[in-house]
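K.L.:
The structure follows.
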Amino acid sequence: TTGSPADPDGYTVSIDDGAARAIGVNDNLLIPDLGLGDHEVELSGVADNCLVQGANPRTVSVSENQTTATDFEVVCSATTGRIDVTVATTGAGLDPDGYVVDLDGGAVTRDVQTNGAVEFTGVEQGQHTLELGGVAANCTVIGDNPASIEVVAGEAVDASFTVECDATTGSLEVTATTTGDELDPNGYAVSVDGGLEQSIGVNGSTTFADLPPGDHEVELTGVANNCAVGGANPRTVAVVAGQTASTNFDVTCSSTVGSIQVAVT
């Protein structure tokens, strides 16, 4: 922490929305015995006149038998204020993972839910910009984005974003990845729910648009006898309104294989 006046009672740190742990304004905290992989780390309890630089919360990856470090830089000033940001989203096919609010072109970022609130403390007095990012393709921010905000020292200013989403259908992108030798010379065909087929190259993709939300059965056909499709075929893929789902068929071809025909009477 730099600047003054510093936060008088320090901060708290939480991992994956768990229990808050105290940490001083210039301090270190070791959190042992974490599971491997990504974890969300958040610094809270920051005074209104102090600003956490960068992303907060942030994602930190933990490796086996390693100690991973992350550093929160906090700047405090007597000439700062606070920005309270609220987001309201309406319509169909709402963004499933929320948004990101950028302060002054991304110098400081905060995650926010589709209908939620977030605050920026310790913002220097004067003119600033706020931009709502991570908005799904079927959603539109109404009004200015980025928006201009005037911050007054020692005060809190409100900022709001309204988002409208319009989607009753989704899309599905199907990709084929083929390895080996003697690849299928004319590519494949792919169908959704047993309907109209679309051509797809041996290493290509195709998109089915305007699919209703829910589970759909996707099948890759036209595969040469010396090629095998890995995994389930057909397979079930879930489509979300306003989103593009994806699935990949891995195909392996070989010149040293044959085929088996099975007949049931």
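K.L.:
Name the residue from His216, Val141, Phe249 whose Cα lies farthest towards the positive end of the charge dipole of the chain, charges +1 on Cβ of Lys and Arg and -1 on Cβ of Asp and Glu.
P.N.:
The residue sitting most towards the positive pole is Phe249.
K.L.:
Please pull out the direction-averaged projected area of region 75-124, using the convex hull of its alpha-carbon atoms, in nm² to one decimal place.
P.N.:
Average of the hull's projected areas for region 75-124 equals 3.8 nm².
K.L.:
Now for a different question. Whole number in Å², please: accessible area per residue of the chain, 1.4 Å probe, ligands, DNA and RNA not counted.
P.N.:
Here the per-residue accessible area is 54 Å².
K.L.:
Another one. Hey, could you grab the Kirkwood Rh for region 137-183? Inverse mean 1/r over distinct alpha carbon pairs, Å, one decimal.
P.N.:
Here the Kirkwood hydrodynamic radius works out to 16.1 Å.
K.L.:
Compute the signed sum of charges (Lys and Arg +1, Asp and Glu -1) over the other residues within less than 12 Å, Cβ to Cβ, of Leu103.
P.N.:
After counting each charged neighbour, the total is -3.
K.L.:
Over all directions, the average projected area of the alpha-carbon convex hull for region 170-265 comes to how many nm²?
P.N.:
Here the figure is 6.8 nm², rounded to one decimal.
K.L.:
Can you pull out the GluC sites (Glu not before Pro) in region 133-166 whose DSSP state is coil and whose Cβ has at most 15 other Cβ atoms within 10 Å?
P.N.:
Glu155
K.L.:
Relative to the Cα centre, what is the charge dipole magnitude of the chain, using +1 at the beta carbon of each Lys and Arg, -1 at the beta carbon of each Asp and Glu, and rounding to the nearest 20 debye?
P.N.:
Rounded to the nearest 20 debye, it is 400 debye.
K.L.:
Roughly what percent of Cα-Cα pairs across region 54-144 reach past 21 Å?
P.N.:
Here the tail beyond 21 Å accounts for 42 percent of pairs.
K.L.:
Regarding region 1-55, what are the three Cα extents along the principal axes, ordered largest first, in Å?
P.N.:
38, 19, 16
K.L.:
Tell me the net charge near Asp48. Cut-off is 12 Å between Cβ atoms, Asp48 excluded, with +1 for each Lys or Arg and -1 for each Asp or Glu.
P.N.:
Net charge around Asp48: -3.
K.L.:
Give the carbon-plus-sulfur fraction of the accessible surface of region 149-265 in %, rounded to a whole number; probe 1.4 Å, heavy atoms of protein chains only.
P.N.:
47 percent
K.L.:
Still on this structure: Using the Kirkwood radius over C-alpha pairs as Rh, can you work out the diffusion coefficient of region 143-220 via Stokes-Einstein at 37 °C, viscosity 0.692 mPa s, in µm² per second?
P.N.:
In µm²/s, the coefficient is 193.
K.L.:
Would you work out which of Ala92, Val157, Thr177 lies farthest towards the positive end of the dipole of region 85-177? Charges go on Cβ: Lys and Arg +1, Asp and Glu -1.
P.N.:
Thr177
K.L.:
FRET efficiency for Asn115 and Ala22, Cβ-Cβ distance as r, R0 = 30 Å, nearest 0.05?
P.N.:
For Asn115 and Ala22, the calculated efficiency is 0.45.
K.L.:
Please report, largest first and rounded to whole Å, the three semi-axes of the ellipsoid equivalent to the chain, where each semi-axis is the square root of five times an eigenvalue of the C-alpha gyration tensor.
P.N.:
50, 25, 14
K.L.:
Explain nothing, just the number: dipole magnitude of region 72-195 about its Cα centre with +1 on each Lys and Arg Cβ and -1 on each Asp and Glu Cβ, in debye rounded to the nearest 20.
P.N.:
Result for region 72-195 is approximately 300 debye, rounded to the nearest 20.
The values are calculated or read from the model by the stated rules, or taken from the named source; none is laboratory data. Nothing here was measured: the structure is a model prediction, and the numbers come from that model. Note: ideal-geometry Cβ built from the backbone for every residue, glycine included; neighbour counts use all protein chains shown. Surface areas here come from the heavy atoms of the whole protein model, side chains and all, with no ligands, DNA or RNA. Shrake-Rupley method; radii C 1.70, N 1.55, O 1.52, S 1.80 Å.
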